[in-house]
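What follows is one structure encoded as C-alpha cells, with my remarks underneath.
Just so it is clear, none of the values below were taken in a lab; they were calculated from the coordinates. The structure presented is a predicted model; accordingly, all values stated were derived computationally and were not measured. Note that we place each Cβ from the backbone using ideal geometry, even for glycine, and neighbour counts take in every protein chain shown.
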Amino acid sequence: MKNKIINSGTNVLILALFLGLIGGISADLLLRFYWWQDLSGVTTSSGELNLSSGLYGRSNVVIQDPKKVVVNQDLKVQETINAANDSLIGFFKKLPEITDANQTFDKSHYYDLTKPEFTGLALTADGWIMVAGKKVNAKFPLDDYVAVGKDKKVYSLDQVVEYKKQDLGLLHLAAVNNLLVKNLLAAENLSVGQMLLAVNWNNDATLNSIVSLPKKYQVFKSSDRLTETIILDETIDARFKGSWLFGLGGDLVALIDDELQVAPVANMNSALYSFLKTKQFTTPFLGVNYISLSNLVLASAATDSAGKSGAVVAPDESKTAVVKSSPAEIAGIKAGDIIISVDNIEINNEHDLGTTIQSYHPGDTITVKFLRSGAILSADIKLGELK
C-alpha cells in the first residue's frame, strides 16, 4: 500500500513537471510571437536594439548588437513623412491655360505630379520656399514655372533670391498666407548617432544616422563659420537629390544638395532669420580663430593652468588669431585668451564657441568671459555682420 502511494505521488510529480514544461514552452513561443510582431524591419548600423516601445512601454531599454534590429519605429516614421508632405512644394514648367471647356482629354494639359522639375520646402507661412542645390539663382525665370502643393493647389511665383554660400534658393509664392512650415533644428541639438529620415516628393523615405560632425574635430576653428556638411552612416541615394532630412520629431535637420552633400540647416538659421527680417543674408561676426580645449589633453596636468574646457584664441593657418577691426579686437580680446563662456553658456564639448556665436544675430550684444594670465575678465561685445 505504501509503495502504491509513493508510485502514485511520483506519477503526479512527473505529470506536473511535464505539464509545466509544456506550459513554459508554450508561453515562450507566445511571447516570441508577440515580441517579433512588435518589431519593425528598420535597421541601423549602430548595432543596438532600442526597446522604447511595445512590451517595454517607455522603459527605453537598449540591448547591444541584436543583429541591427530596431523596435517599432514605423508609426514615428510615417508621422514624419506625413508632416513633411504638408510642407513640400513641387515646381513645374507652366502649361498654357485651357479655355475650351469641351475639349477632349489630353494628358499634356495636366501637371504630372510624379514628375516635378524640382521641389522645395515651405520656410514661411506667407509663401517663401527653400530649394536645395543650384537649380534656383537670381536669374530664375519666374513666369515660366508654377508651384503645386501636395493638396494640388497651383501657385504663381513672384520673387526669387539666391543664397550663394549654401547653394540655396528661395522662391516666393504669390498671394499665400497659410503654408505649413517646419521648425529648423538648432546646431546644439545635433548629435552623433541621431536618427534622420530623408523624404522626397514621391514619398520615398530612408532612415540614416549621423556618424560625424566635422566641425567638432577640427583643430583651428572660426567663430564666424560653421561646417558645411555632416557625415551620415549610409550614402544618400540619388533619388534624394534636392530633398530634406528630418528628425523623428518632425524638425527639419538638413538639406541634401545636388552632389548629395548634407548641409545642416543650423548653418543657415541666422542668415535665413536675417533675410526674413531685412531681406539680406547676413550672419553674426565676432572675429576670432580658436582651438577648443575640449579636444586636447595636456601631457603634464601639474602645469595645466588653462583648464579642460573653453576656446583658446589662437592663430590659424593664415597667422590670424583676432581679425583686424572685428568686434573681438575692439573689445580687447587677444591671442592666448581663453574664452570660457558666452552669456553664461559654458564653452565646452557640448557648446562649441562657433556654434554658440552663430546662434545669435548681427547686432546682438553678448557677454564674453575669458581667462587671461589666471584672471577671469569680462567684455560686452556687439556682434557685427558678415554678408
Output the peptides 369-379, 281-291 sorted from most to least packed, where packing is the average of other Cβ atoms within 10 Å over each peptide's residues.
-> 281-291, 369-379
DSSP-loop GluC sites (Glu not before Pro) across segment 308-371, with at most 16 other Cβ within 10 angstrom = GLU317, GLU350
Given a Förster distance of 51 Å, the FRET efficiency implied by the Cβ-Cβ spacing of LYS277 and ASP106, rounded to the nearest 0.05, works out to 0.65
When N is the residue count of segment 187-278, what does its C-alpha Rg come to as a fraction of 2.2 N^0.38 Å?
-> 1.10
What is the extension gain from ASP126 to GLN159, computed as 0.36 nm multiplied by their sequence separation minus the C-alpha to C-alpha distance, in nm to one decimal?
-> 10.6 nm
If the convex hull of the alpha-carbon atoms of segment 283-386 is projected onto planes in all directions, what is the mean projected area in square nanometres?
-> 6.5
Hey, which of these cross-link pairs are over 26 Å Cα-Cα: LYS93/LYS241; LYS152/LYS277; LYS221/LYS279; LYS164/LYS369; LYS153/LYS387?
-> LYS152/LYS277; LYS221/LYS279; LYS164/LYS369; LYS153/LYS387
Peptides ranked, highest mean first, by Cβ atoms within 10 Å: ranges 136-142, 242-248 | 242-248, 136-142
